[in-house]
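Undergrad: The following block contains the structure, expressed as structure tokens.
The values are calculated or read from the model by the stated rules, or taken from the named source; none is laboratory data. The structure displayed is predicted, hence computed values, not measured ones. So basically every Cβ, Gly included, is an ideal-geometry build from the backbone, and we count neighbours across all protein chains shown.
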Amino acid sequence: MKRILIVGAGGQIGSELTAHLRGIYGNDNVVATDVRECKFLSEQGPFAVLNALDPHAYGYTVNKYKIDTIFNLVALLSAVGEKDPQLAWNINMGALMNSLDIARQYGCALFTPSSIGAFGLSSPKVKTPQDTLMRPNTIYGVCKVTGELLSDYYHSKYGVDTRSVRFPGIISNVTLPGGGTTDYAVEIFYDAVKSGRFTCPVPGDVYMDMMYMPDALDACVRLMEADPSKLVHRNSFNIASMSFTPEIIRAEIRKHLPDFEMDYKVDPVKENIARSWPDSMDDSCAREEWGWAPTWNLETMTADMLEKVKAKHEKGLF
Ligand code: VAH
């Protein structure tokens, strides 16, 4: 990877991935793009407003900056997708098809994340295998499974270097997530710090895989730098680091904030989605094929999130 383009850089992953990649490869070698202006991205390095659904503008940008690697992060997430499935399909798959065709045309490697949302009720729930039944019942999951199949197809048919991971819910303290079923695992920290109370939209007994952002960023780089001859799989690798329920993370937060209170106002859409996803994932293939190894766990993530979110609150950032 030397000349990198991030499409959808203004979101939860993209905002931190941009800074992370610029720290490794140099500011001028990482071009951030999003459909709207993102001042915080253009202050640090090259930025362009780009609608990934416009193949001409997309191809022009790849050619202009001599890109060799694309991170396509454009996606409407699981819960918001259920409000307008047709829009979710058009955006998610439109951006992916343009990314695949442009990667093929310009000889770029392409990373398009998948998700634990690619699994469904008929997938094994505990230690979900790398290769198993995938019948998701959300438009987000259908997009993710389709994306995996198309990415593998473009690799086998045209030799495009496509790679991806199935991200769990990602917990971060820079940019808030938007429209996901796992968003509660970020919102809980902000409410705990701000008011000492949180109303959770996901039932207290539902396990979901989660990951702290630093591990997610490491996975992106490690996979894209991996020796392709070692990759048996490509789209898409299970990766895992922790799995918890709302009750478990409440107890962990209370170790730091003993008076923290949580109640529930369950969102039926989020409950149905969350209950259809794995409780835990088998990530042995990622560990064997490209050295995946998370470094954060529930305890260390909780302590770091509270420290970072408290600092943001003290600065009046929320
Ligand atoms: C969502 N944060 O909740 C995303 C993610 C595994 C969850 O795909 O939709």
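Undergrad: Please go through region 132-143 and give me each residue that is touching a residue at least 24 places away in the same chain (Cβ under 8 Å) and in a loop (DSSP other than H, G, I, E, B), ordered by number.
TA: Pro136, Asn137, Thr138
Undergrad: Residues that are farther than 25 Å from Asp101 by Cα, out of contact with any Cys (no Cβ under 7 Å at 6 or more places or on another chain) and either among the β-branched types (Val, Ile, Thr) or more than 13 Å from the ligand (Cβ to nearest atom) (or both): does region 150-167 have at least one?
TA: no
Undergrad: Do the conditions hold for Val62, that is, is it touching a Cys at 6+ places or on another chain (Cβ under 8 Å), crowded, with 16+ Cβ neighbours inside 10 Å, β-branched (Val, Ile, Thr) and not in a loop (DSSP other than H, G, I, E, B)?
TA: yes
Undergrad: Only residues that are within 25 Å of Asp283 (Cβ to Cβ) and within 12 Å of the ligand (Cβ to nearest atom): list them for region 184-213, please.
TA: Tyr184, Ala185, Val186, Val202, Met208, Asp209, Met210, Met211, Met213
Undergrad: Continuing with the same structure: Given the structure, is Thr112 at pLDDT 95 or above, surrounded by fewer than 22 Cβ atoms within 10 Å (Cβ to Cβ), farther than 23 Å from Phe244 by Cβ and within 16 Å of the ligand (Cβ to nearest atom)?
TA: The answer is no for Thr112.
Every residue, every condition in (1) more than 16 Å from the chain's Cα centre (by Cα); (2) surrounded by fewer than 23 Cβ atoms within 10 Å (Cβ to Cβ); (3) within 30 Å of Tyr264 (Cα to Cα), yes or no:
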position: Thr146; (1), (2), (3): yes, yes, no
position: Ser156; (1), (2), (3): yes, yes, no
position: Pro168; (1), (2), (3): no, no, yes
position: Thr175; (1), (2), (3): no, yes, yes
position: Gly178; (1), (2), (3): no, yes, yes
position: Asp205; (1), (2), (3): yes, yes, yes
position: Ala216; (1), (2), (3): no, no, yes
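Undergrad: Residues in region 215-222: is at least one in a loop (DSSP other than H, G, I, E, B) and either under 25 Å from Val80 (Cβ atoms) or not assigned by TED's automatic domain parsing to the domain that holds Thr112 (or both)? Working first, answer last.
TA: As a first pass, look at region 215-222 and keep what is in a loop (DSSP other than H, G, I, E, B): none.
Within region 215-222 (the criterion being in a loop (DSSP other than H, G, I, E, B) and either under 25 Å from Val80 (Cβ atoms) or not assigned by TED's automatic domain parsing to the domain that holds Thr112 (or both)), the answer is no, since none of the residues qualifies.
Undergrad: Sort through Ser276, Ser229, Ser236, Ser241 and tell me the only one that's out of contact with any strand residue (DSSP E or B) (no Cβ under 9 Å at 6 or more places or on another chain) and either crowded, with 18+ Cβ neighbours inside 10 Å or among the charged types (D, E, K, R) (or both). Break it down stepwise before answering.
TA: Values: Ser229 fails: either crowded, with 18+ Cβ neighbours inside 10 Å or among the charged types (D, E, K, R) (or both); Ser236 fails: out of contact with any strand residue (DSSP E or B) (no Cβ under 9 Å at 6 or more places or on another chain); Ser241 fails: out of contact with any strand residue (DSSP E or B) (no Cβ under 9 Å at 6 or more places or on another chain).
Of the residues listed, the single one that is out of contact with any strand residue (DSSP E or B) (no Cβ under 9 Å at 6 or more places or on another chain) and either crowded, with 18+ Cβ neighbours inside 10 Å or among the charged types (D, E, K, R) (or both) is Ser276.
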